[in-house]
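J.: The structure under discussion is supplied below as structure tokens; questions concerning it will follow.
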Amino acid sequence: MSDQVERYQILGHKEALTRTHHYPVACKELSLILREAYNKLPKNLQSLIFQDTLSALKLLPQMWTNNAVSAAHLLVQSAEATLPKQKKNIATKEFKLAMVASKRRGKAHRMQECHIELPQDVLVDIFSLLDTRSLVSASLVSRSWNAAACNNHLWQSLYATIFASDNNSSKAKNLPDGRRGEDNNSVDWREAFKRAHIDNSSKRLTTSRGYCLYCDMIVWLDGLKCGSGKCGPQPKMQSVVPKSSEQVVEYLLDGSSSMISSDSDSDLDDCFDEWYIPKLWAHPLNQYRPG
């Protein structure tokens with residue numbers, strides 16, 4: 001097995017494509033690989049990339065999101081620009097079939113949709129498993145989900161995980177004005193998180209890729225932490241260095257040893273200004289209720 005094939009398998013696109021929150025990023029990386037690296041890679045690796053491209057298109061109907069559709073469209077454009085005629089035609093046909101299936105499934109889902117709502121305490125328990133971006137996205141689904149996703153204890157837990165110091169996780173560094181020293185229950189932790197998020201650069205908090213210093217490889221991130229399951233508890237967020245899709249392609253081609261260095265903001269701009277990164281903040285739905 002060549003080094004490039006081994007590095008490609010480490011990137012884990014096949015598994016990431018089955019996860020809704022990683023699907024758009026995996027499609028973008030495959031798109032970049034097709035455009036910038038495909039013709040430089042050995043035939044056996046080209047075959048693997050083509051198979052993953054087809055898998056991505058076949059999985060599109062299961063994703064149900066506009067981000068997923070946009071990502072798949074970008075992927076098929078790269079396939080049309082790069083692949084030989086026969087493979088290009090196969091990929092284009094697969095995309096058209098996926099779009100038809102996606103529309104049919106969406107229509108069937110709307111017709112069968114029920115309006116039974118889970119209790120708030122159950123929703124809060126479920127949302128406690130989400131990362132920041134997913135939690136904010138969930139808050140836009142309905143008023144019930146918005147109320148659960150804005151639960152103060154959820155945001156306090158997220159704040160303690162990401163921003164508070166290891167020695168004193170209950171003391172916030174970016175509390176709203178006038179809140180320092182007050183009881184934790186009286187603090188608006190969502191607002192505190194928002195301020196700390198802005199201070200610490202939102203780009204670094206929405207990445208799906210990073211270089212894990214414990215695993216010594218590029219990994220998919222879950223809740224801003226290494227998602228490989230190989231490195232055990234991580235006491236510090238600094239164990240993962242955020243990486244852009246372009247750097248992932250660089251790693252595939254060259255096995256760059258610069259992976260462990262921190263990125264400057266300019267290195268990450270292209271990665272996080274793309275269409276598939278949703279805005280992290282939105283007004284709570286209850287602000288729009290008529291008076």
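J.: Quick one: ILE10 ticks every box in (1) open to solvent by 10 Å² or more (accessible area, probe 1.4 Å); (2) free of Cβ contacts under 8 Å to residues at least 60 places away in the same chain; (3) in a helix (DSSP H, G or I) except a single one, so which number is it?
T.: With (1) open to solvent by 10 Å² or more (accessible area, probe 1.4 Å); (2) free of Cβ contacts under 8 Å to residues at least 60 places away in the same chain; (3) in a helix (DSSP H, G or I) applied to ILE10, the lone miss is (2).
J.: Looking only at region 177-219, count how many residues are at pLDDT 80 or above and in a loop (DSSP other than H, G, I, E, B).
T.: Step one: filter region 177-219 for residues at pLDDT 80 or above, giving 187-195, 208-219.
Going one step further and asking which of them are in a loop (DSSP other than H, G, I, E, B), we end up with 187-188, 208, 213-216.
Result for region 177-219: 7.
J.: Could you go through region 106-118 and let me know if any residue there is surrounded by 15 or more Cβ atoms within 10 Å (Cβ to Cβ) and part of a helix (DSSP H, G or I).
T.: Looking for residues that are surrounded by 15 or more Cβ atoms within 10 Å (Cβ to Cβ) and part of a helix (DSSP H, G or I), one finds none in region 106-118, hence no.
J.: Shifting gears a bit: May I ask you to list the residues in region 29-49 that are open to solvent by 10 Å² or more (accessible area, probe 1.4 Å), more than 14 Å from VAL248 (Cβ to Cβ) and not in a loop (DSSP other than H, G, I, E, B)?
T.: ASN39, LYS40, LYS43, ASN44, GLN46, SER47, LEU48
J.: I would also like to ask the following. Looking at ALA81, ALA98, which one is touching a Lys or Arg at 6+ places or on another chain (Cβ under 7 Å), open to solvent by 50 Å² or more (accessible area, probe 1.4 Å) and part of a helix (DSSP H, G or I)? Before you say what the answer is, go through the steps one by one.
T.: Numbers: ALA98 fails: open to solvent by 50 Å² or more (accessible area, probe 1.4 Å).
When all the criteria are applied, what remains is ALA81.
J.: State the number of residues belonging to region 122-144 that are outside any helix (DSSP H, G or I), touching a helix residue (DSSP H, G or I) at 6+ places or on another chain (Cβ under 9 Å) and surrounded by fewer than 17 Cβ atoms within 10 Å (Cβ to Cβ). Reasoning before the result, please.
T.: In the first step, residues of region 122-144 are kept if they are outside any helix (DSSP H, G or I); the result is 128-131, 139-142.
Add one more test, that the residue is touching a helix residue (DSSP H, G or I) at 6+ places or on another chain (Cβ under 9 Å), and what stays is 128, 130-131, 139-142.
The next check asks that each one be surrounded by fewer than 17 Cβ atoms within 10 Å (Cβ to Cβ); those that pass are 128, 140-142.
Of the residues in region 122-144, 4 are outside any helix (DSSP H, G or I), touching a helix residue (DSSP H, G or I) at 6+ places or on another chain (Cβ under 9 Å) and surrounded by fewer than 17 Cβ atoms within 10 Å (Cβ to Cβ).
The values are calculated or read from the model by the stated rules, or taken from the named source; none is laboratory data. Just so it is clear, the structure is predicted and the values come from calculations on it, not from any experiment. Using ideal geometry, Cβ is built from the backbone for each residue, glycine included, and neighbour counts are taken over all protein chains shown. Just so you know, the surface numbers come from the protein's heavy atoms only, side chains and all, with ligands and any DNA or RNA stripped out. Shrake-Rupley method; radii C 1.70, N 1.55, O 1.52, S 1.80 Å.
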